[in-house]
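All remarks here apply to the structure that follows.
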Amino acid sequence: MLEPDARVVLLDQLRPPRDYRLLSAVATTFTLDLTTALVPPLAFASFELRDSPDPVAALEAVRSCTDRVDVFCQAGQISVPRQASDLMAFLEPMVHPVRRPRAGFLFHPKVWFLCYAAEGLPDQYRLLCSTRNLAGSQAWDAVVTLNGTHSYDAVPANAPLKALISHLPELAVEPLHPSRLERLRDLAERASHVAWTAPQGVQELAFHAFGVPDASDPVNFSGRRHLVVSPFCNDQGIAHLTGRSKDVTLVSRPAELDRLSSATLQRVGRVLVLNQAASLHEPQEADHVASIAGPEPHVVVDPQENGSVTDLHAKITIVERSYGRAHLFVGSPNATSSAYAGNVEFAVELAGRARELGIDAFLGDDSPFRDLLETYAATGGAEVDPSDDALRALQNQLRALAEVRFTLTVSPDGDAHRLALASLAPVPVRDGFSVTAGLLTVPGTAHALARVEPADLTFGGVATPNVTPFLILNATDPDGNELGTVVHAVLVNDPPSRLDEILARQVDTPEKFLRFLTLLLGLGNWDGLWVSNEQNAGDGAGRWGFGGGGWTGVLELVLGALADRREALADLDQLVSRLQQTESGRSVLPDGFDEFWVSVKKALDKLPRGKR
């Protein structure tokens, strides 16, 4: 379950059970990378990412799930990709930046709660409580995965999970659309009625939502032995977790350990860090997505939180008490004072026998985790690096900016559009700092924001597919240090054809069009719809188009969609109409498709409105 040498792949963790589909999901993360955010839709579509990446399949996977997924992240912690992908436009409605709970604290939980449905079968639920953000980090992390089914009676132990989900809309920078708000309320209610299947060796389960009003009673960390694994730590956090325990093992990063006081280090029996053998070399899911979405993202926000390939990022606390009992806590809280005094955090507590969940199970001679560690002689009392203070100041500047409500109002600009940036409050730029704002989709559009005044910028000549609510804000401090983030503005007068034009820009060959058609109408294997007409290809290279078998396959798909997937035909009709408006678009449609589609539309128009 928590083997530290098992590379848990998000794609596999989120994939629906056999015969099931995603009904709805909510996720929380501190940092968010838009490229990595493309992974979950691929999982929900049961897309095999390790096969040859297919941009059209990825596009349809993302497009089809945006109305069922909501992702909440700390405002100011969306990293800036090197290059925007068209697929990111379909992430817009599901990404919700949230405000800090209060000054000096952060929104930090890392949770997925998912509901899967299947015809004639009971709904199934899954909870992922992770130490990893929805970002491209390759640091060492931990995750607890729980599966469950509906319980007629409410489960009291699930109250913190329900409270966290219910609290999310209150923290969001922008109000949620009523349909999304209703879905979150439904998920919160469902969360209170899930009977979880305990992992092997676990006798009790408990959830803890920190920083959420009325969510949890104080957690009991008292015990006779403690193991604390945390990439970030301070004296107060360690004291909170270990109390008066005289048997404490601490695993952290060297720089964090060196900043602890000598008194704390004297009380800690063993101090360990990751060794050089712990480096990760295998590509993770985000590496595969990059080949679909564009170049690998450049994470410029909070590199300490994401970590490098050799960093520790897991957050685990084990408390052993009398009678051979152990309590294992996995989740987002670091061993710091802020984690338990004001941050929004979430953790799962697993209780069972010490021989299965205790410290020796993790640090014994046969433990894979122990093989990754080595003893560290911490000096203690080290001063904070000035560069850390500079980074923290830039991060706080970006978080303050990202909590401002921005709007981008679209108006005509010749054959293109003009986007007017405004804010509902003055932009809080600190003395000595400068800030620029630009469009994610159009490089080179950055303009300076005035200090302590509402935003007032204009971006002209923006093509319809490049209209976006995603802004890049870059902050520069007095010493020239620079940091950037992506901000989600409200798009006013969004061109109704924007997403259709993005689709048309991606579906730019007859082969891609038919691939999209088969995915949209629900067929996984599309090869049979294409025939190679080699006898008509004088150069021997073959010509792809509709043949007898191809028409039969398309007809079967369309008849099936007329019966039970009419909304998919309506979506396809929007793309066909967009392609038919230009010569280049018409060249994408296979020979004979126009006449065929006229017949389909006539059949669709004859259906009663309520049955479309």
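Asp477 meets each of the listed conditions (1) in contact (Cβ under 8 Å) with a residue 12 or more places away in the chain; (2) on the phi > 0 side of the Ramachandran plot apart from (2).
Just to be sure, is Leu59 at pLDDT 85 or above and over 13 Å from the mean Cα position of the chain (by Cα)? Taking the combined requirement at face value, the residue does not satisfy it. Report yes if Thr409 is touching a residue at least 12 places away in the same chain (Cβ under 8 Å), within 30 Å of Ala103 (Cα to Cα) and among the hydroxyl-bearing types (Ser, Thr, Tyr), otherwise no. Spelling it out, it is not the case that Thr409 is touching a residue at least 12 places away in the same chain (Cβ under 8 Å), within 30 Å of Ala103 (Cα to Cα) and among the hydroxyl-bearing types (Ser, Thr, Tyr).
In summary, Ser291 fulfils each of the numbered conditions (1) assigned to a loop (DSSP other than H, G, I, E, B); (2) modelled with pLDDT under 85; (3) of a type in the set (S, T, N, Q) with the single exception of condition (1).
Just wondering, is there one or more residues in segment 81-89 that are in contact with a strand residue (DSSP E or B) (Cβ under 9 Å, 6 or more places away or on another chain) and either assigned to a helix (DSSP H, G or I) or surrounded by fewer than 21 Cβ atoms within 10 Å (Cβ to Cβ) (or both)?
yes
Picking from residues in segment 441-464 that are closer than 16 Å to Thr407 by Cβ and part of a loop (DSSP other than H, G, I, E, B), the one that is modelled with the lowest pLDDT is Glu453. Considering (1) in a loop (DSSP other than H, G, I, E, B); (2) polar (S, T, N, Q); (3) within 24 Å of Ala43 (Cα to Cα), the lone condition that Ser222 does not fulfil carries the number (3).
Against the test of being at pLDDT below 95 and among the β-branched types (Val, Ile, Thr), the options Val212, Val228, Val251, Val219 yield a single qualifying residue, Val219.
The rows are residues; the columns are (1) surrounded by fewer than 19 Cβ atoms within 10 Å (Cβ to Cβ); (2) at positive phi; (3) outside any helix (DSSP H, G or I); (4) at pLDDT 95 or above.
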residue	(1), (2), (3), (4)
Val330	no, no, yes, yes
Pro333	no, no, yes, yes
Arg355	yes, no, no, no
Ala361	no, no, no, no
Asp365	yes, no, yes, no
Ala378	no, no, yes, no
Asp389	yes, no, no, no
Leu394	no, no, no, yes
Leu401	no, no, no, yes
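On the given criteria, is Leu257 of a type outside the set (Ser, Thr, Tyr), in contact with a His (Cβ under 7 Å, 6 or more places away or on another chain) and either outside any strand (DSSP E or B) or without any contact (Cβ under 8 Å) to a residue 24 or more places away in the chain (or both)? Answer is no for this residue.
The values are calculated or read from the model by the stated rules, or taken from the named source; none is laboratory data. No experiment lies behind these values; they were computed from the predicted model shown. Ideal geometry is used to build each Cβ from the backbone, glycine not excepted, and the neighbour counts take in all protein chains shown.
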